[in-house]
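Below is one structure, written out as structure tokens; the observations come after it.
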Amino acid sequence: MLVRTILLPSVFRVNPENSKTEYSIVIRFLQDLENNGIVLVDDTGCIKAAMLEDINKWPQNYRKKAKELLGRLHNKDRFIEKSLNDKEQANCQNQQCQQCIRMAKIYLPVAIISRDRCNECAEQKLTEFPNIEVVDVDEYSMSEFFDTYLNQKDHFFGKGELKQQEFEDKILIPLLRDAKHVKIYDRYIGRSILEEKIAKKYKFTIKWILEVLLRERGSKFNGVFEVYGGVNSTQIRKPKTIPDAVAKLRELENEFKQLYPKFQLIIKHETKGDEIPHDRFLITNQVAVSVGRGFNLLFGNPSQLKDVKIDYCSEPGKIEQDVKKLPDL
């Protein structure tokens, strides 16, 4: 899942004697970071400016690729600006490094990435924060940070393997804590609305996700939270009809609006051959994942996770467009 990190300016300062190798390593690192990395930067622009200052000294072919990758991170909203306070200080001679170390002490990223002498300096400054791994960019592929986070492409959890809070910590919080909008696609949210027992389980999970988002983002979250479900007449047991299902879904939407007024439940009319995709998705402005089981995730008391596989989704735009084409109810 998404993982927070901080890049010290030294990452982009290349030794002329090893230049080709070091340029290539940094570019590979940025490619891995694009998969599931979040980069914390200060809201004054100091850290970003330092990155570009060094990259602009690179040869044109490497510079172009590095800027392209940084641009993609920017377009995916993977640079998160954070404010610094006076409580945490760092006495490094380099002003940009001071900002990075101070930010690490406040926001506790999983790793801080550096190079050469900055490794020892960062380790000294962060001795009181043992959970922050200081990673030498030249050896990042051998780090615990890489194995545990950057190299993770999917997650499978067996039934009962995780409790609700563990899934929240491992999956939901990393996905949601920096999100500006959230969209959930699961056709069975609509299809099951007239099956009271199943509908309650979907309602519980959606409420849980929304509450995690609002707790993690707080008053800063003012964006879209949309849930897409389908209604298909062939899935409704008579004498119930499509209007009955729609009425129940509108009741559900109104309940959620009490929690978050911008909540929207979009109901799509499905027919044979024109349906919401079978796979279920959680899509934010930063990343998209498929949720193998769908959003009926929990069982038992206390709640435990059903078996589920979480995969990265490479074409969220196509999913959104395919669903958008279906008529609304």
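Assorted remarks:
- Antiparallel bridges, percent of DSSP beta bridges restricted to the chain (to nearest 5): 40
- Ascending count of other beta-carbon atoms within 10 Å, so fewest first, for HIS74, HIS269: HIS74, HIS269
- Relative to the Cα centre, the charge distribution of the range 160-208, modelled as +1 at Lys and Arg Cβ and -1 at Asp and Glu Cβ, gives a dipole magnitude of about 240 debye.
- Restricting the calculation to alpha carbons of the chain gives Rg and Dmax of 22.7, 78 angstrom.
- Put in order of Cβ neighbour count within 10 Å, fewest first, the listed residues ILE283, ILE189 become ILE283, ILE189.
- Counting neighbouring beta carbons within 10 Å and listing from fewest to most, the residues ARG102, ARG187, ARG72 come out as ARG72, ARG102, ARG187.
- Taken as entire DSSP H runs, the helices of the chain that both span 20 Å or more between Cα atoms along their own long axis and average -1.0 or more on the Kyte-Doolittle scale are 19-36, 196-217, 242-259.
- Loop-resident GluC sites (Glu not before Pro) (DSSP state other than H, G, I, E or B) in the range 95-194 with no more than 14 further Cβ atoms inside 10 Å of their Cβ: GLU128, GLU161.
- Dimensionless Rg ratio for the range 157-324, taking C-alpha atoms and the 2.2 N^0.38 Å reference: 1.00
- Dipole magnitude (debye, nearest 20) for the chain, charges at Cβ of Lys, Arg, Asp, Glu: 1240
- Rounded to the nearest 20 debye, dipole of the range 152-295 from Cβ charges on Lys, Arg, Asp, Glu: 220
- Projected label distance in nm at TYR312 and CYS46, using a 7 Å step from Cα toward the beta-carbon: 3.2
- Once backbone amide H atoms are built at 1.01 Å from N, ASP307 has LYS159, GLY160 as its partners under 5 Å, excluding neighbours fewer than 5 places away on the same chain.
- Here the Gaussian network model covers the chain, with springs between Cα atoms less than 10 Å apart; of ASN18, ASN35, ASN232, ASN18 fluctuates the most.
- Length gained when the stretch LYS240-ASN254 is fully extended (0.36 nm per residue, less Cα-Cα span): 2.9 nm
- Two-site label geometry, ARG72 and LYS324: point separation in nm, points 7 Å out along Cα→Cβ: 2.3
- SER19-LYS207 FRET efficiency (beta carbon distance; Förster radius 41 Å; 0.05 resolution): 0.15
Only the coordinates and a few stated rules stand behind these numbers; no lab work does. The structure presented is a predicted model; accordingly, all values stated were derived computationally and were not measured. Heads up, the Cβs are rebuilt from the backbone with ideal geometry, glycines too, and the neighbour counts pull from every protein chain shown.
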